[in-house]
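Throughout, read-outs are computed from the coordinates displayed, never taken from laboratory work. Since the structure is predicted, the reported quantities are computational estimates derived from the model, not experimental observations. Every residue, glycine among them, receives a Cβ derived from its backbone with ideal geometry; neighbour counts consider all protein chains shown.
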Amino acid sequence: MPEPTRPAPILTPDNAFFWEAAARGELVAQRCGDCGDLQHPPRPICPKCHSPKREVARLSGRGEVYSWIVPRHPAAMGFAEAPIVALIALDEGLRLVSNVVGLAHGEIRNGLRVEVAFEPTVGGHAVPVFRRSA
């Protein structure tokens, strides 16, 4: 198996739980401990009720492509060819920016049903990516 070239995530106190879960093959999000609002990206306080109480919520990893782009210039660092960068509308109501893998550029379309997978990065981490649903 070739060495990963995908850049490693930058861990912060607010997002470490997300990347630790990804390394275990789990997709999670932050949930407000007071109002229950799901949030991504992680934040130090709830943008809805301003509570500092945070919980971790496991997500299904299923959704659909809301929008996408194939960046051509400049070349994406760590990728042999231009990746498909997509805004994924998760079934739980969140939107997550990620890559769609396993498809040719001509096969991607808005509304395509996808499910989460995880790809290794430099430094032994993992990132969530999405594949066409079976």
Exercise. Please state the relative contact order of the range 69-118 as a whole percent: Cα pairs under 8 Å, 6+ residues apart?
Worked result: 25
Exercise. If you check each cysteine of the chain for another cysteine whose beta-carbon is under 4.7 Å away, which ones come up empty?
Worked result: none
For this session: Would you mind calculating the relative contact order of the range 6-134 from Cα pairs under 8 angstrom and at least 6 residues apart, reporting the percent as a whole number?
Result: 25
Seminar exercise, completed: Total charge of the residues flanking R131 in space, meaning their Cβ is under 12 Å from its Cβ, with Lys and Arg +1 and Asp and Glu -1, is 0
Exercise. Short version: ³J(HN,Hα) in whole Hz for each residue of the range 116-123, in order, from phi by Karplus 6.51 cos²θ - 1.76 cosθ + 1.60 (θ = phi - 60°), x for Gly and Pro, what are they?
Worked result: 6, 9, 10, 10, x, 10, 4, x
Seminar exercise, completed: Sequence order, the range 96-105: Karplus ³J(HN,Hα) from phi using 6.51 cos²θ - 1.76 cosθ + 1.60, θ = phi - 60°, Hz rounded, Gly and Pro as x, gives 9, 7, 7, 10, 9, 10, x, 10, 6, 4
Exercise. Quick one: putting +1 on the C-beta of Lys and Arg, -1 on the C-beta of Asp and Glu, what dipole do you get for the chain around its Cα centre, in Debye to the nearest 20?
Worked result: 200
Problem set entry | Cα-only Debye scattering, the range 16-132: base-10 log of I(q)/I(0) at q = 0.12, 0.13, 0.17, 0.21 Å⁻¹ | -0.47, -0.55, -0.88, -1.17
Exercise. Taking the Cα centre of the range 16-132 as the origin and placing charges on Cβ (Lys, Arg +1; Asp, Glu -1), which of A22, L90, G78 is farthest toward the positive end of the dipole?
Worked result: L90
For this session: Please report, largest first and rounded to whole Å, the three semi-axes of the ellipsoid equivalent to the range 1-84, where each semi-axis is the square root of five times an eigenvalue of the C-alpha gyration tensor.
Result: 29, 16, 13
